[in-house]
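> Questions regarding the structure given below will be posed in turn.
Here, each number is a calculation from the coordinates, and none is a lab measurement. What you see is a predicted model, and the numbers here were worked out from it, not measured in a lab. Cβ atoms come from the backbone with ideal geometry, glycine included; neighbour counts cover every protein chain shown.
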């Protein structure tokens with residue numbers, strides 16, 4: 001049985017496919033992300049795990065979200081739309097997000113287990129969903145659950 005290809009391999013294959021199709025925008029986007037993955041590999045002195053590669057892709061998405069905000073404030077809708085398209089392309093490589101109900105259940109378990117403030121609950125919950133849940137979503141759910149407890 002052959003293991004499914006890792007995220008970095010899928011990104012590389014997608015970039016090669018984009019090159020064959022002469023899709024310059026997609027090729028540039030994927031080569032930029034692969035460059036970020038390579039930099040992460042250099043930092044770690046080993047190939048990054050899929051979770052670490054997901055973090056790199058998430059950082060790329062976060063940068064693009066920030067760029068969308070800046071472009072929209074500046075009235076540059078075409079540039080903002082380009083960034084939004086890049087976000088969608090990158091999100092397709094991420095694992096399916098964890099449903100909010102599952103996060104909420106984990107947060108309630110952490111609170112029941114004695115974690116009483118935001119930092120402690122986040123410290124318990126985030127490692128369980130590393131690479132599969134957005135920290136902002138988890139933070140919001142933790143805040144909601146803590147506010148109902150007090």
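> Return the residue satisfying two criteria in turn: it lies in segment 6-43 and is assigned to a loop (DSSP other than H, G, I, E, B) and surrounded by 12 or more Cβ atoms within 10 Å (Cβ to Cβ), and of such residues it is nearest to the chain's Cα centre (by Cα). Full working, then the answer.
So the first thing to find is which residues in segment 6-43 are assigned to a loop (DSSP other than H, G, I, E, B), and the list is 6, 21-23.
Then drop every residue that is not surrounded by 12 or more Cβ atoms within 10 Å (Cβ to Cβ), which leaves 6, 23.
On the way: 6: 16, 23: 24 Å.
Of everything passing the filter in segment 6-43, 6 is nearest to the chain's Cα centre (by Cα).
> Can you name the residue in segment 129-150 that is surrounded by 15 or more Cβ atoms within 10 Å (Cβ to Cβ) and not in a loop (DSSP other than H, G, I, E, B) and, of all such residues, is nearest to the chain's Cα centre (by Cα)? Spell out how you get there, then give the answer.
The initial filter retains those residues of segment 129-150 that are surrounded by 15 or more Cβ atoms within 10 Å (Cβ to Cβ), namely 129, 131-134, 138-139, 141-142, 145-146.
Keeping just the survivors that are not in a loop (DSSP other than H, G, I, E, B) gives 129, 138-139, 141-142, 145-146.
Values: 129: 11, 138: 13, 139: 15, 141: 18, 142: 19, 145: 24, 146: 25 Å.
Of everything passing the filter in segment 129-150, 129 is nearest to the chain's Cα centre (by Cα).
> Return the pairs, sorted by first residue and then second, in which the second residue is surrounded by 15 or more Cβ atoms within 10 Å (Cβ to Cβ), the first residue lies in segment 6-32 and is without any contact (Cβ under 8 Å) to a residue 12 or more places away in the chain, the beta carbons are less than 7 Å apart, and the residues are 6+ apart or on different chains.
19/27
> Can you tell me which residue in segment 60-83 is farthest from residue 147 (Cα to Cα), limited to those that are touching a helix residue (DSSP H, G or I) at 6+ places or on another chain (Cβ under 7 Å) and surrounded by fewer than 16 Cβ atoms within 10 Å (Cβ to Cβ)?
So in segment 60-83, the residues touching a helix residue (DSSP H, G or I) at 6+ places or on another chain (Cβ under 7 Å) come out as 60-61, 64-65, 67-68, 71-72, 79-80, 83.
Cutting the leftovers down to surrounded by fewer than 16 Cβ atoms within 10 Å (Cβ to Cβ) gives us 65, 72, 79.
Values: 65: 29, 72: 34, 79: 39 Å.
Filtering first and then ranking leaves 79.
> Turning to a different aspect of this structure: Return yes when residue 46 is under 17 Å from residue 36 (Cα atoms) and surrounded by 15 or more Cβ atoms within 10 Å (Cβ to Cβ) and no when it is not.
Considered against the rule, which asks whether it is under 17 Å from residue 36 (Cα atoms) and surrounded by 15 or more Cβ atoms within 10 Å (Cβ to Cβ), residue 46 comes out as no.
> If you take just the helices (runs of 4 or more DSSP H) that sit entirely in segment 50-128, which of them hold at least 3 residues that are within 15 Å of the chain's Cα centre (by Cα) and either closer than 29 Å to residue 6 by Cα or touching a residue at least 24 places away in the same chain (Cβ under 8 Å) (or both)? Explain how you work it out, then say what you get.
Values: elements: 50-73, 77-91, 100-112, 118-125.
Because the criterion is at least 3 residues that are within 15 Å of the chain's Cα centre (by Cα) and either closer than 29 Å to residue 6 by Cα or touching a residue at least 24 places away in the same chain (Cβ under 8 Å) (or both), the helices (runs of 4 or more DSSP H) in segment 50-128 that meet it are 50-73, 77-91.
> Right, next: Can residue 110 be described as surrounded by 17 or more Cβ atoms within 10 Å (Cβ to Cβ), out of contact with any strand residue (DSSP E or B) (no Cβ under 9 Å at 6 or more places or on another chain) and within 30 Å of residue 28 (Cα to Cα)? Spell out the reasoning first.
Details: surrounded by 17 or more Cβ atoms within 10 Å (Cβ to Cβ): yes; out of contact with any strand residue (DSSP E or B) (no Cβ under 9 Å at 6 or more places or on another chain): yes; within 30 Å of residue 28 (Cα to Cα): no.
No: the conditions fail for residue 110.
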